Amino acid sequence: MAALVPEVLTSTHVEKMNKKKPPKRYWEETENTDQRRPEEEQGTAVQNQNKSTVKERSLKRKNGESLEKKDPFSGEAPIPHKQLQKFQRGEKYKVPAGARQRLKEAIISSEAMSELAQKQAARYDLLLPEDAGFLEGDEDEDTNTISQDDIADAADITSGSKYFNLHLSQFGPYRLDYGRTGRHLLVGGKKGHVACIDWQSKDLMCEMNVMETVNDVKWLHTEAMFAVAQKRWLYIYDSKGLELHCVKKFNDVLRMQFLPYHFLLATASATGFLQYLDVSVGKEIAAICTKMGRLDVMSQNPHNAVIHLGHPNGTISLWSPNQKEPLVKILCHRGAVRSLTVDKTGTYMVTSGLDRKLKVYDIRAFKPLHSCFLPAGASCLSLSQRGLLSAATGDIVQVYQNVLGSSPVSKPYMAHRLQGQIWGLAYCPFEDVLGIGHGEGFTSMIVPGAGEPNFDALDTNPFRSSKQRQEWEVKALLEKVQPELIGLDPGQLSKVDQASFEQRHKEHVEALGFDPLAKDKFKPKTKKKGRSSAGAIEKRKRKVAHEDQRDKIRQTVQERTERDKEQKEKSNEKKNLGNKSTLDRFRK
Amino acid sequence: MAADEEELSINEQAISASEEEEGSDDERKHKKLLEAISSMGSRKRKKQNERSEASVQVSEFFVNAEGTGEKVNLSDLLGTVEKTSGASNKTKKQLRNLQSSKETLELPLNKQQTEKIQRGIAYEKTAAEVSCWRNIILQNQKAEQMVFPLNQESSGPKRVEQVVAGWKVQTPLEQEIFRLLHINSQPVDDPVLTPVEEQSLKAMSLEEAKIRRAELQKARALQSYYEAKAKREKKIKSKKYHRVQKKAKCKDFLKQFDEMVKTNPEGALEELKKMELSRMEERMSLKHQNSGKWAKSKAIMAKYDDSARKAMQEQLQMNKDLTQKIVVPSDDEHESNEEGLETIPDFVNDSEPVIDSVNPWMRGQLTHEESEVSCVTTEDVQTAEEENEEEELVGEFERKRKLRQVVEEDVVEVSDKEEGDDDDEEEEEEEDVSEFNTLFRLMRSEKTLEGSNQTREGLNTPGQEDEDGFLNEGQIRVRNIEDLEVLGEVVDPQPIAEPSLPQAVAVEATSEPPNKKKREIDLKEVLTKEAKAVKVPFLPTVVDEEERDEQISIIKEAFAGDDVISDFIKDKSKREAAGRPEVVDLTLPGWGEWGGVGLKPSRWKRKRFRIKMAPPPPRQDQKLPDVIISENRNASVASHQVSQLPFPFQNTAQFESSIRTPIGPTWNTQSVVKNMTKPKVITKMGAIIEPMDAFLAVLVLGANHRNKSKLSIAFSSHSLRFK
């Protein structure tokens, strides 16, 4: 066999050679023309023609008419102006006219960097492909007359299954909270029933009765832990219902808010205390006596982690753990404030009061935008990620669209009637779902267009595995924001502190409790041989008494004498000038 | 003879010469000895070169002026110069001048001063020398990133020659190797072509070389094809296939052998020897006897399992084939062979029932079985047929494969869904086969029936599936009858709702008296801003109209006492007052006038001595009547803030704008974060960072210029990716 192969090879090869010519190379061109075979002579004319065209082309090229195809999309791909603006951070700083070289370089490089960051972010904005849904009625049909059943029927199976009721009529009106990823639901009945559910799979994680009044329930940073404000103390349970802590420093808690980036659990109590619990270290960060009475209306501003409290005198106060007095106090209603909520961007606040009004505030300027009158007043308010407002009026939940704009709304976008008083309202993050806790249990209502369709998988990933959750937890703990940084302006940190040295020193002294720059008192040495008698010590003390004062006096005296001297000299000179005679020159 | 004599004489001469030489050697040695002896006693004396000099006292050691008693004066010398006629007038004159002059030479500078001057000069010199580095230093200071060591070689693979260039032969082994290479004129530096190859290349013309190259290419290609084919075939897991293949090979070999017998008898003899050897081996070993572990286990199974039986049979066959003595084949032996075959129990050869219409392997088996049967029956044609049989089998295989592929493709064209199902089922079946093949072969017919049922189901499913899905969905959505009822209840009240009713209420609300009292605070602005009534689709069930009126009155009553607005105004004024600095009162009662109980300092005095502090900056809530904003400074953030402006910046706006873009990955894309946080200095681990030399410096300067341009290119290419 092996001997056969080469023969075959050569033969086939030769055949191929006859059949197929090797591809022409530009360097072979001249050679081929030289070795022109007689058979090919017929085709030479054609070849010549071709050649002439080639020559023409080359000539053209030389003349400057470039035949090369121009790239129709040369340069970088353009980024839409709108997208660029979305990621703009502050105004561009121009190099001042008389700037020095180093300053110029610093400014230019920083500007280039921020521009690059902006551009890249705008380009990556492409990666958010999901769109929010919406509800559209037929002609002359109000969307608010469409019932949930119709929606559930019309929607796909998975979306339709998001409308469901939990009949829990025994343990009274329910409070609820969704986890940050939107998968886990925590419900707490007034009469002690607490349950956490993976609501999408309808998987009951735990259920128990704490045998006490439950005022509020809240998930902590993960779905592994939640806090329950019970009749007296604050309790923390794990997802299996095991009691982890009973925090006795926090008593009579009525409402809770969890600040996810600070790992702070803020509680408002019936005694008027606003307390902050650091969940990561289990320490109470601040306890502020608000002196405003019972605190049963509470909300957080997700933008700057400021806590908003509503009070019976119609005011709303804004709090940070760093100040004992409210950062801002706004008079909103003539009656007590019943409920309030702040939107995701921290721009708008919606409040409702006993005067049955619903008001929208711009909390950057603390100005009311518009207000509307609700027949029954809203007992609970909640804003979704996309800015849909839901208001519980009696046993009806109304959902409003475009509330946050400047124009007031006239009619709700959706409405749904329930049984019994509504006690809790919350939108599920990243889902078109509104959770309603009421007297007869819990209802999950479909609100198209409520949830943010694009999620940041590194921050809140609804589909994360347990491993990812663990990794996220570690990262989040490493990136935990310290409670000192909470303030009205979250960008405060990137500004230069322009306070004077004295003021800063004063603050420093206040913080430390003593003055680190202060001189310590003179302490005379003890000497022997009777020289450390009381009198001697006193004498020695007197020697150094008022040292700095003396120094000052000495200095001022010296200055004064010098000034006097100078003045004298000047006056003397003047005198001398005035008295000079022609004969003075001969004086020796 | 004469020649002999001559030789002799020459020898003698040589001897005498050598003797003489010996004598001279002796003398020299003697001298040396004497010298050595003499030097032993005393130290080596310095040889004084004798000099003759005119002086009074002649010393053998040195020249001196002793004896004259005085130093040599210039005049003494001059005198002689005057006298000598050879000296030129010029020198004479100079000497005379020298004599007449009275100036002494200046003292040399002291040590410190000279050193200082030297230092100064040295400084200037070195400064000039060092200043040539200035540009590089500046550049490195400004550089965004420095990578050390500076003279980094380009990463990536290098050519052998580059690596070998700096290397020298050291060990004897290497020397040996290189000698060998040299001897065989193998390349040492440039291994692209050996000299022999080069020569051969030169020997060929271009055309020839091309042809040769093409041939080689072709050969290589063929080899690779062959390899690929072999690999592919080797990967085929089917035992049957391999068996068939082997048999075919055997056949082929036999054919060849036959040919060889005719054409190349020597080769055939060798082959025969080989066969004989293998036979011997087989006879010596128990390899294919039914005595191994595997064979025993198979023997046990053989009663129930056809495949085991078959395997056993095959092994025995193998043994027989191998141990068979190879002579020129004759009919008798064939017969004996057949007899041997027939010794195996009959049930082995029973044809199996049709198992699977889909599985091609099974089909193959069936046909194979049939052919075997035919073989047995028609003994005469057997030899001829047996040759074809295997080929046929292989061919059939392929045909069936193709057919199956076509069928599959058809299926794909018809419907995608079914294909998936079919595949699944096939897989399932295959699994089943592998599991139960050995044990329950018979039962499989039933299974396939089931399988066919399944397939039928699969075909039917689309409608059914939907139904199932609907059912499931229903289960999820509607929990039970109670739930349904409740839903109905919820839905029912909808149509009753009237949107007209609330409007009246709204009118009432708007007609409410706007403010109770006139105050500084503009109440219109604050609380009674016109509220728009909202139409509600259904009325709240809890509050009836009458009830609502009642509630309103109740609320009014409840909040009649506490005036929310006035409280707020008070609070605000209090805060404002607290923010205002107090007036410093320096009046001293009783100074310059009467003092005592009930007496106040006079007005002019109060005016004079009460110092008003500068008003604070306007409050943030000055223009917001319904807002109180705390003026307290947030000191907690201040400890984290920058309090002093860093170097190149001249005002806070510049600095703040330079740090306005965050650098974290939360706000930026990965590439930007990397770019923003790249380290200032990168050092290669384990590399020695040597100080820069002048030559390198120039290089670096050039490279940095190039790097800048590179950077911009990198950016542009990066952005290209997003097109």
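The values are calculated or read from the model by the stated rules, or taken from the named source; none is laboratory data. Small disclaimer: the values here were computed from a predicted structure and weren't measured. For neighbour counting, all protein chains shown are included, and Cβ atoms are generated from backbone atoms with ideal geometry for every residue, glycine included.
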Boolean, residue A:538 is part of a helix (DSSP H, G or I), within 30 Å of residue A:202 (Cα to Cα) and modelled with pLDDT of 90 or more | no
Here is a list of conditions, (1) facing chain B (nearest Cβ under 7 Å); (2) of a type in the set (A, V, I, L, M, F, W, C); (3) crowded, with 23+ Cβ neighbours inside 10 Å, and residue A:354 meets all of them except one; can you say which number that is?
-> (3)
Among the residues of region A:388-425, which ones are of a type in the set (Ser, Thr, Tyr), surrounded by 22 or more Cβ atoms within 10 Å (Cβ to Cβ) and at the interface with chain B (Cβ under 7 Å from one of its Cβ atoms)?
-> A:393
Exclusive hit being within 22 Å of residue A:302 (Cβ to Cβ), in a loop (DSSP other than H, G, I, E, B) and hydroxyl-bearing (Ser, Thr, Tyr), set A:351, A:341, A:345 | A:345
Residue list for region A:328-351, restricted to those being crowded, with 22+ Cβ neighbours inside 10 Å, closer than 30 Å to residue B:639 by Cα and at the interface with chain B (Cβ under 8 Å from one of its Cβ atoms) = A:329, A:330
Within region B:592-607, work out how many residues are in contact with a Ser or Thr (Cβ under 8 Å, 6 or more places away or on another chain) and of a type in the set (Lys, Arg).
-> 2
How many residues are at the interface with another protein chain (Cβ under 7 Å from one of its Cβ atoms), hydrophobic (A, V, I, L, M, F, W, C) and within 20 Å of residue A:302 (Cα to Cα) when one looks only at region A:363-380?
-> 1
Could you please find all residues in region B:675-693 being within 14 Å of another protein chain (Cβ to nearest Cβ), of a type outside the set (D, E, K, R) and assigned to a loop (DSSP other than H, G, I, E, B)?
-> B:677
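Answer yes or no: is there a residue in region A:553-569 that is assigned to a loop (DSSP other than H, G, I, E, B) and free of Cβ contacts under 8 Å to residues at least 12 places away in the same chain.
Taking every residue of region A:553-569 in turn, none turns out to be assigned to a loop (DSSP other than H, G, I, E, B) and free of Cβ contacts under 8 Å to residues at least 12 places away in the same chain.
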What do you reckon, is residue A:311 within 12 Å of chain B (Cβ to nearest Cβ) and under 20 Å from residue B:575 (Cβ atoms)?
-> yes
Taking residue A:292 as meeting all but one of (1) hydrophobic (A, V, I, L, M, F, W, C); (2) under 25 Å from residue A:193 (Cα atoms); (3) out of contact with any Phe, Trp or Tyr (no Cβ under 9 Å at 6 or more places or on another chain); (4) assigned to a loop (DSSP other than H, G, I, E, B), write down the number of the exception.
-> (2)
When residues of region A:489-509 are filtered for being outside any helix (DSSP H, G or I), more than 8 Å from chain B (Cβ to nearest Cβ) and closer than 22 Å to residue A:364 by Cα, how many remain?
-> 1
Out of all the residues in region A:312-325, which are out of contact with any helix residue (DSSP H, G or I) (no Cβ under 6 Å at 6 or more places or on another chain) and surrounded by fewer than 24 Cβ atoms within 10 Å (Cβ to Cβ)?
-> A:312, A:317, A:318, A:323, A:324, A:325
How do the pairs read when you match residues in region B:601-630 that are under 30 Å from residue A:364 (Cα atoms) and within 12 Å of chain A (Cβ to nearest Cβ) with residues anywhere that are surrounded by 11 or more Cβ atoms within 10 Å (Cβ to Cβ) and modelled with pLDDT under 85, using Cβ under 7 Å and keeping only pairs 6 or more apart or on different chains?
-> B:625/B:521; B:625/B:522; B:625/B:525; B:625/B:526; B:626/B:521; B:626/B:526
What pairs can you find where one residue is in region B:86-102 and over 14 Å from residue B:76 (Cα atoms), the other is part of a helix (DSSP H, G or I), and their Cβ atoms are less than 7 Å apart, with a gap of 6+ or different chains?
-> B:87/B:81
Does residue A:121 meet the test of being at the interface with chain B (Cβ under 8 Å from one of its Cβ atoms) and either β-branched (Val, Ile, Thr) or part of a helix (DSSP H, G or I) (or both)?
-> yes
All but one of (1) more than 7 Å from every other protein chain (Cβ to nearest Cβ); (2) touching a helix residue (DSSP H, G or I) at 6+ places or on another chain (Cβ under 7 Å) hold for residue A:132; which doesn't?
-> (2)
Checking residue B:64 against (1) modelled with pLDDT under 85; (2) loosely packed, with under 11 Cβ neighbours inside 10 Å, the condition it does not meet = (2)
Picked from region A:72-115 (must be under 31 Å from the mean Cα position of the chain (by Cα) and basic (Lys, Arg)), the residue farthest from the other protein chains (Cβ to nearest Cβ) is A:82
Hey, could you check region A:427-458 for residues that are assigned to a loop (DSSP other than H, G, I, E, B) and touching a helix residue (DSSP H, G or I) at 6+ places or on another chain (Cβ under 8 Å) and say which is surrounded by the most Cβ atoms within 10 Å (Cβ to Cβ)?
-> A:432
Among A:135, A:116, which is part of a loop (DSSP other than H, G, I, E, B) and buried (at least 18 other Cβ atoms within 10 Å of the Cβ)?
-> A:135
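Might you let me know whether region A:510-529 holds any residue that is small (Gly, Ala, Ser), under 30 Å from residue A:264 (Cα atoms) and under 55 Å from the mean Cα position of the chain (by Cα)?
Yes, region A:510-529 has at least one match.
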Pick from region B:654-674 the residues that are out of contact with any helix residue (DSSP H, G or I) (no Cβ under 6 Å at 6 or more places or on another chain) and at the interface with another protein chain (Cβ under 7 Å from one of its Cβ atoms): which of them is surrounded by the fewest Cβ atoms within 10 Å (Cβ to Cβ)?
-> B:671
Residues located in region A:459-470, provided they are exposed (fewer than 13 other Cβ atoms within 10 Å of the Cβ) and either under 18 Å from residue A:386 (Cβ atoms) or touching a Lys or Arg at 6+ places or on another chain (Cβ under 9 Å) (or both) | A:463
